[in-house]
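Read through the structure below, which is laid out as structure tokens, and then see the notes.
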Amino acid sequence: MHRSALTAVWAAAALLVVTGCSSDGGGAVPVPGLSTAPKPAASPGEGAPSPSAAPAKGSVRVVSTLAEGLNSPWGLAALPDGDLLVSSRDEGTITRIDVDSGKKTLVSTVPGVAAAGEGGLLGIALSPTYASDHLVYAYFTTESDNRIARMVYDEKKPSGQQMGAPDTVLRGIPKGTVHNGGRIAFGPDKMLYAGTGETGDAALAQDRKSLAGKILRMTPDGQPVHGNPEADSIVYSYGHRNVEGLAWDSERRLWASEFGEDKWDELNLIEPGKNYGWPEVEGKSDRPGLTNPVAEWPPSEASPSGIAYARGSIWLATLRGERLLRVPLAGRESAAPSQAFLKEKYGRLRTVLSVGGDKVWLVTNNTDGRGTPKPGDDRILLLEVA
């Protein structure tokens, strides 16, 4: 990737960032020479089945290691020129990674972050109008709650001082030592989505008035959106234990990863107003009124965090499972059983981000207090997938 030879490509690709593709695993973010043309589709959560299923068998090749020595990396976003922003859960910092050299530059420390347990600075995403407003959104834990704020990114300011003061767009998401959710992404509709956790209080997942254990959908200003199940609420779906992965497929359908407890982790197709079962059930059931997952795994084989859509499949970065899972799609269903790649090769995996075509970024997560760090951890890898 030589930026000087591809300035025109970057400029054209930057336009795709503002079409609503997720910058945190929800869609293709442009990379030079890779096709990212959007496909006409229905509204989020709807759409006819894809005309053909993804192949039953896929492949993964590690192309290169972009960066090493990251501490508790969590969220990942791609800038219009391809460089990456990565958040540190425990340090509360955002760092820029140069995609040509791997050079790390401290952008800023986010004020107000109170890292503890699974809380801290979590997901990040670019505004759908980033080209004009330069806003970076962040989901983070404070002393009192989880919240979403936006900050103006000024690259001309000195290193460590490049983010403006946080402007809170949503506060009052319950916090806990565990299950804080934290993934945010802008959908194809240019609305902001957030996955939250039930903080260890399972009853909150079924409480429609609580923001815990939900997927939220809101305007970039944090307000309810037309088309939500309730006109005055940002709650989009409920009955979730802990959502840390959001992604849209080529038909603009929303998918989410789900941490189970003892029985089943899940990949869910998300539709407005649906109840995804926690704590009534884990995995598939015949309970009326509950929505079954499309795929499920024992927690020892998964514990999925970030997800991405690429090459007709959903890719899940797993923590306890220490593997990259591939679920080939056939419309609203899985086309074949999931496949596991990179098993125990890089340890815990936190985030996966599609960058167009067959390329994805993968972030390891062995320095979060639960992994076993090796020399070089944590790192960002560039993968070629099929």
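The values are calculated or read from the model by the stated rules, or taken from the named source; none is laboratory data. Keep in mind it's a predicted model, so treat the numbers as computed, not measured. Every residue, glycine as well, gets a Cβ built from its backbone with ideal geometry; the counts of neighbours run over all protein chains shown. For accessibility, only protein heavy atoms count, side chains too; no ligands or nucleic acids. Shrake-Rupley method; radii C 1.70, N 1.55, O 1.52, S 1.80 Å.
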Rounded to the nearest whole Å², what accessible area per residue is found for region 258-386 with the 1.4 Å probe?
35
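Just reorder HIS134, HIS240, HIS179 by solvent-accessible area, largest first, 1.4 Å probe, all chains present.
Ranking HIS134, HIS240, HIS179 by accessible area, largest first, yields HIS134, HIS179, HIS240.
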Per residue, how much accessible surface does region 48-151 expose to a 1.4 Å probe? Answer in Å², no decimals.
35
Gyration tensor (alpha-carbon) shape descriptor, region 271-323, a/c threshold 1.5
oblate
When the dipole is taken about the Cα centre of the chain, and only Lys, Arg (+1) and Asp, Glu (-1) are charged at their Cβ, what size is it in debye, to the nearest 20?
640
Among the listed pairs LYS175/LYS274; LYS190/LYS359; LYS57/LYS175; LYS156/LYS374; LYS157/LYS345; LYS190/LYS214, those beyond 29 Å (Cα-Cα):
LYS57/LYS175; LYS156/LYS374; LYS157/LYS345
Built amide H within the under 5 Å cut-off of GLY92, gap 5+:
LEU121
Each label sits 7 Å from Cα toward the beta-carbon; between ALA386 and GLU68 the label points are separated, in nm, by 2.9
What list of ³J(HN,Hα) values in whole Hz, one per residue of region 225-238 in order, does the Karplus curve 6.51 cos²θ - 1.76 cosθ + 1.60 (θ = phi - 60°) give from phi, with Gly and Pro shown as x?
10, 4, x, 5, x, 10, 4, 9, 10, 8, 6, 9, 8, 9
Rolling a 1.4 angstrom probe over the protein chains, ignoring ligands and nucleic acids, what is the accessible area of GLU155 in square angstrom, nearest 10?
100
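What's the FRET efficiency of ALA53 with SER285 using the Cβ-Cβ distance as r and R₀ = 25 Å, to the nearest 0.05?
Efficiency, rounded to the nearest 0.05: 0.45.
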Tell me, what ³J(HN,Hα) does each residue in region 86-92 have, in order and in whole Hz, if you take phi through Karplus 6.51 cos²θ - 1.76 cosθ + 1.60 with θ = phi - 60° and put x for Gly and Pro?
10, 9, 9, 4, 7, 8, x
For SER237, other-chain or 5+-apart residues with amide H closer than 5 Å (H placed, Pro excluded) are ILE215, GLY273
Quick one: go through region 82-119 and flag any residue whose amide nitrogen is under 20 Å from the point 7 Å out along the Cα-to-Cβ line of ALA165.
93-94, 108-114
Along the charge dipole of region 212-292, Cβ charges K/R +1 and D/E -1, which of TRP264, TRP248, PRO229 sits furthest on the positive end?
PRO229
Two pseudo-spin positions, 7 Å from Cα along C-beta at GLU143 and at ALA114, lie apart in nanometres by 0.6
Taking a ≥ b ≥ c as the square roots of the eigenvalues of the Cα gyration tensor, with a/c under 1.5 meaning rounded and otherwise prolate when a/b exceeds b/c and oblate if not, region 253-346 is oblate
Per-residue counts of other Cβ atoms within 10 Å, averaged by peptide: what ranking do you get for 123-132, 69-78, 202-211, highest first?
69-78, 123-132, 202-211
Three-way shape label, the chain, alpha-carbon gyration tensor, a/c 1.5
rounded
Förster-model FRET efficiency, 41 Å R0, ASP201 and ASP133, C-beta, rounded to 0.05
0.70
Rolling a 1.4 angstrom probe over the protein chains, ignoring ligands and nucleic acids, what is the accessible area of LYS57 in square angstrom, nearest 10?
150
Estimated vicinal HN-Hα couplings, Hz - region 344-354 in sequence order (Karplus 6.51, -1.76, 1.60; Gly, Pro = x)
6, 8, 10, x, 5, 10, 9, 9, 10, 10, 6
Share of carbon and sulfur in the accessible heavy-atom surface of the chain [1.4 Å probe, %]
50
For ILE314, enumerate residues with amide H under 5 Å from its amide H, sequence gap 5+ or separate chain, H modeled in the peptide plane.
VAL327, LEU329
Taking the mean number of other Cβ atoms within 10 Å as a proxy for protection, how do you rank 108-116, 259-267, 349-357 from highest to lowest?
349-357, 259-267, 108-116
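Only helical DSSP H runs with n ≥ 4 go in: add -39500 (n - 2.57) per run for the chain, normalise by residue count and round the 222 nm mean residue ellipticity to 500 deg cm²/dmol.
Computed mean residue ellipticity for the chain: -1000 deg cm²/dmol.
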